[in-house]
Each structure stands twice: as structure tokens, then as C-alpha cells.
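Peer 1: To start, I am sharing the structure in question, which I have written as C-alpha cells.
The values are calculated or read from the model by the stated rules, or taken from the named source; none is laboratory data. Remember, predicted model here, so these are calculated numbers, not experimental data. Because the Cβ atoms are built from the backbone with ideal geometry, glycine has one as well, and the counts that use them run over all protein chains shown. Each accessible area value is taken on the protein alone, full model and side chains, heavy atoms only, with ligands, DNA and RNA left out. Shrake-Rupley method; radii C 1.70, N 1.55, O 1.52, S 1.80 Å.
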Amino acid sequence: MSSPAASLPRKVIAASAIGTAVEWYDFLLYGTAAALVFSKVFFPRSDPLTGTMFAFSTYAVGFMARPIGGIVFGHFGDRIGRKKLLTLSMLIMGAATFLIGLLPTFDQVGVLAPVMLVALRLVQGFGLGGQWGGAILMSAEYGDARRRGLWTGLTQAGGGLGNFLATGVLAVLAATLSPQDFLTWGWRIPFLLSVVLIGIGLWVRVSLDESPVFEAALAQAEDGAHNAPVLETLRRWPWRVVLGGALKIGENISFYLMTAFAITYVTEMLHLSRSVALNGVLAGALVATVSMPLWALLSDRIGRRPVYAFGAAGVAIWAFAFYPLLDTRSPALIVIAVVVGLLAHSAMNGPQGAVIAELFPTRVRYSGASLCYQVTSIVGGSWAPIVSLALYRHFQSTLPISLYIGVACAISFVAAVLAKETKGLTWAEIDAEG
């Protein structure tokens with residue numbers, strides 16, 4: 001029978017993964033709804049493609065707020081601890097998501113409807129901006145150096161689970177409701193259901209103790225060492241911030257173009273049913289959830305760099321098969337396109353938490369990791385669907401979109417090659433090098 005001390009890391013990993021699943025359910029639910037619903041509910045006066053671009057513009061707003069959340073939560077997370085900030089981020093995300101489910105439509109209140117949607121999307125992005133860094137660091141700092149990739153990979157898999165839940169709920173509703181009922185009220189149900197998931201996530205997270213690695217670093221720090229962790233990170237380790245951002249950009253862009261934008265492409269450009277698009281992403285999300293910890297475990301065995309580089313190269317190559325497979329209009333081939341794409345993508349996403357966390361010493365780790373992860377989202381996930389829609393509208397071809405993914409993943413591949421291998425290093429060794 002394992003001792004309480006031995007079981008504590010498992011409890012932390014489970015809590016971090018569950019909390020991550022809940023918050024990514026909230027954030028990614030918006031992206032799926034933007035692809036399927038919001039152009040019709042909040043921008044009904046536009047032609048379909050323009051309305052979808054407007055909907056994805058509100059989607060992008062959440063990414064703009066994420067760096068602000070990352071900076072604010074990172075600052076206080078490095079000063080007062082990880083746990084309190086994680087709980088607060090979940091409350092912020094949950095409240096915003098629930099309120100989106102209650103919003104009036106454009107037909108009811110006019111332009112005020114999209115204005116309120118944008119405001120709540122900003123709040124969502126701010127909350128998520130603080131969530132990722134804290135959840136990853138709780139897992140990484142409780143886990144031992146030998147299995148740190150696996151621990152953080154399990155937390156990353158929570159994001160895949162959140163995507164699976166969000167897509168799954170919408171898929172069930174799309175399959176069981178008439179198109180009119182789905183647009184009138186059915187799309188609101190997943191947003192309102194988030195209150196149940198938030199309750200579960202809070203119940204799990206409140207029971208956690210603070211990261212012992214952070215508490216030890218705080219006790220040893222000189223006065224003032226934690227006053228401005230974001231500024232200290234940018235002043236002393238700007239190259240690491242750039243490197244972490246470069247690692248992130250290919251993963252970030254490719255994910256949203258193989259999920260949210262793919263749903264738009266299948267439904268709006270290929271004129272297939274919502275169920276075909278959602279089932280493809282649902283299958284991909286399930287494979288991603290299972291494979292992320294396995295890729296992360298492999299990074300504990302052979303190194304972070306080769307696994308990450310393989311994922312970047314794999315997605316770059318698959319991007320040129322992805323859209324042609326969608327163009328077949330075959331539901332089976334659409335599933336294969338998304339499943340293989342997200343399987344390769346998980347080779348980046350799985351070990352990513354460990355890779356980015358290991359770039360920075362403990363006293364600025366929350367701030368540094370959040371900067372790498374969240375600032376990149378402005379030029380990555382936020383613009384990607386809008387840029388892709390503009391490219392398709394101009395060229396009437398998906399080849400430029402595949403090139404877009406390929407270039408982004410090439411940047412991440414080069415970053416993985418340039419990065420220092422950190423597999424197996426203890427936090428003491430990483431702090432000493434910092």
C-alpha cells in the first residue's frame with residue numbers, strides 16, 4: 001500500500017489534469033461554436049464566409065487577452081504561489097463561459113450581442129492565460145526528474161480531454177436536434193454545463209498543497225528577488241523566451257487549423273453536415289488525449305528534443321495531405337486526416353509542458369513559461385483561422401494553408417534542434433544553471 005507522501009504527486013497530477021480539462025473545455029468550446037454557430041447567431045447580416053470571419057475575430061480576442069493573464073498570474077504565481085492563482089483562474093474562466101450561454105442574440109438586442117460576446121471572450125482568455133503555467137508547474141514541480149515529462153504530459157492530456165468533451169457535447173446535440181433547435185437554444189447547453197465541470201475542478205484543486213519546490217525557493221530568496229519576475233525573465237533570459245515561443249508556434253497554429261478551422265472548412269466550404277466535421281475532431285481529440293502522455297513518456301526515455309522535432313516535422317508533412325483528404329468528402333477519410341494530424345501534433349504537445357518549464361529557474365518559472373506559451377498565441381492560434389480564411393478566399397485553394405502550417409512547424413523544428421536537452425535534470429541543477 002502506498003504511503004500518503006508517495007500518493008501525493010499522483011493526486012497533484014490528477015488535479016492538474018482535471019482542472020486543465022475543465023478550462024480547455026471552456027476555451028475550446030468557444031472555437032467550435034464559432035465555427036458552427038456564432039456567425040449565424042451574432043453576425044446574421046453578413047454573407048456566410050464574412051460572418052465566419054467575424055466569428056473567428058471574436059475567437060481571436062481571447063488569445064489577445066491570454067498574455068495579459070499570463071503576465072498577471074505569472075507575476076503573482078512567482079511571488080505568492082501556484083495554488084491560489086490556479087483556483088482563481090478556474091473561477092474566472094467558468095463564470096465567463098456560463099454567461100456566454102445566457103447571452104441574447106443579434107436579433108434580440110442588435111450590436112450589443114457581439115459586444116457582450118467579445119467582452120466575455122476577453123475574460124475567458126485572461127483566465128486561461130494564468131491557468132496553463134500554474135497547472136503545468138504544479139505537475140512538474142511535484143514530479144521527480146526521471147518522470148517529469150510523463151507528469152506534465154498527463155496534465156497536457158487534460159487539454160485533449162477538454163477538447164473531446166466540448167466537441168462531444170456539441171456532436172451529440174447536432175445529431176439529436178433539428179438545425180433550427182440547435183441554432184435557437186441547443187448550442188447554449190454546453191456553455192451552461194460548464195458550471196458542473198467547474199464545481200468538480202474547484203473541489204479537486206482546493207485540496208492541493210502548494211508546490212514544495214516553489215516554497216523552498218521562496219524561503220531561500222533574497223529580499224526583492226520576487227518583486228518583478230516578468231521583468232527579470234525578459235532581462236536575463238530573453239533568448240529562452242524566444243526559444244520557448246518558437247517551440248510553441250508550430251504546435252499552436254497547426255492545432256487550431258486542424259480543429260476549429262477544419263470544422264469551418266468541412267461545413268462551410270465543402271457543405272457537409274456538422275456531424276461529419278464534429279465526429280472527425282472528436283476522434284482526433286480522443287487519440288490526442290491518449291497519445292500525449294505516451295509521447296511525453298518517450299521524451300523521458302530518449303529526450304525532449306527528438307520527440308518534439310519529430311512532431312514538428314510530422315505535422316509539417318501531413319499538412320499537405322490533410323486538406324486533400326478533407327476534399328474527398330468521405331467521412332472515413334476526414335476522420336483519418338484529423339486523427340493522424342493530431343497524433344503527430346501530440347508529439348509536440350505532450351512533452352511541451354516539461355520542455356518549457358525546464359527553460360527557467362524556479363523563481364521566475366511561472367512568468368517565463370506563461371510568456372512563452374501565451375504571447376505566442378497572439379501570432380499563432382488567434383490569427384490562424386482568420387489568416388486561413390483570407391488565404392482560401394483569395395486563392396480558392398488550401399495549398400497556401402498547408403504552406404502556412406509547414407512554415408510554422410519548420411520554425412518549431414529548428415527551435416527543437418537548437419534547444420538544450422533537459423531530460424533528467426533536477427530542479428536544483430536547472431536553478432544552478434539559471
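Peer 1: Give me the accessible area per residue for region 320-402, probe 1.4 Å, as a whole number in Å².
Peer 2: Details: 2370 Å² over 83 residues.
Roughly 29 Å² per residue, with all protein chains present.
Peer 1: Find the relative contact order for region 43-118 and round it to a whole percent, using C-alpha pairs within less than 8 Å whose residues are 6+ positions apart.
Peer 2: Relative contact order for region 43-118 comes out at 30 percent.
Peer 1: If the cut-off is a Cα-Cα distance under 27 Å, which lysines reach Lys83, setting aside same-chain residues fewer than 8 apart in sequence?
Peer 2: Cross-link targets: Lys11, Lys248, Lys423.
Peer 1: Using θ = phi - 60° and the Karplus form 6.51 cos²θ - 1.76 cosθ + 1.60, what ³J(HN,Hα) does each residue of region 237-245 get, whole Hz, x for Gly and Pro?
Peer 2: 10, x, 5, 5, 5, 5, 4, x, x
Peer 1: Hey, if we sort Lys248, Lys84 by accessible area with the 1.4 Å probe, largest down, what's the order?
Peer 2: On the way: Lys248 0, Lys84 130 Å².
Reading off the accessible areas and sorting them downward yields Lys84, Lys248.
Peer 1: Can you grab the distance from the C-alpha centre of region 150-187 to the C-alpha centre of region 302-325, Å, no decimals?
Peer 2: Computed from Cα coordinates, the inter-centre distance equals 25 Å.
Peer 1: Across region 273-287, in residue order, what do the Karplus-derived ³J(HN,Hα) couplings come to in whole Hz, using 6.51 cos²θ - 1.76 cosθ + 1.60 with θ = phi - 60° and x for Gly and Pro?
Peer 2: 6, 4, 4, 4, 5, 5, 5, x, 5, 4, 5, x, 5, 5, 5
Peer 1: Considering only protein heavy atoms, what is the solvent-accessible area of Val169 at a probe of 1.4 Å, reported in Å² to the nearest 10?
Peer 2: In the full protein context, Val169 sits at about 40 Å².
Peer 1: Largest first, how would His75, His345, His394 line up by accessible area (1.4 Å probe)?
Peer 2: On the way: His75 40, His345 5, His394 140 Å².
Greatest to least solvent exposure: His394, His75, His345.
Peer 1: Then there is this: On the protein heavy atoms, probe 1.4 angstrom, tell me the percent of accessible surface of the chain carried by carbon and sulfur. All intermediate terms of the calculation are to be shown ahead of the outcome.
Peer 2: Details: 11150 of 15620 Å².
That share works out to 71 percent.
Peer 1: Mean separation of Cα pairs under 8 Å and 6+ residues apart, divided by the residue count of the chain: what relative contact order is that in percent? Walk me through the numbers on the way to the answer.
Peer 2: Numbers: 813 pairs, mean separation 111.8, N = 434.
For the chain, the relative contact order is 26 percent.
Peer 1: Taking the 0 to 90 degree range and rounding to the nearest ten, how far is the long axis of helix 331-357 tilted relative to the main principal axis of the chain, both from C-alpha atoms?
Peer 2: Here the helix axis deviates by roughly 20 degrees.
Peer 1: Please compute the modelled spin-label separation between Val379 and Glu433, points set 7 Å along Cα→Cβ, answer in nm with one decimal.
Peer 2: 2.5
Peer 1: When only the heavy atoms of the protein chains count and the probe is 1.4 Å, how do Glu23, Glu433, Glu421 rank by accessible area, highest first? Working shown, then result.
Peer 2: Numbers: Glu23 0, Glu433 100, Glu421 60 Å².
Descending accessible area places them as Glu433, Glu421, Glu23.
Peer 1: Could you state the angle between the C-alpha long axis of helix 82-100 and the longest principal axis of the C-alpha atoms of the chain, as a value from 0 to 90 degrees rounded to the nearest 10?
Peer 2: Tilt of helix 82-100: around 10 degrees.
Peer 1: Okay, moving on. Would you work out if the chain is rounded, prolate or oblate? Take a ≥ b ≥ c from the square roots of the eigenvalues of the alpha-carbon gyration tensor; rounded if a/c is under 1.5, else prolate when a/b is larger than b/c, oblate otherwise.
Peer 2: Values: a/c = 1.76, a/b = 1.44, b/c = 1.22.
Prolate shape, in that a/c is at least 1.5 and a/b is the bigger ratio.
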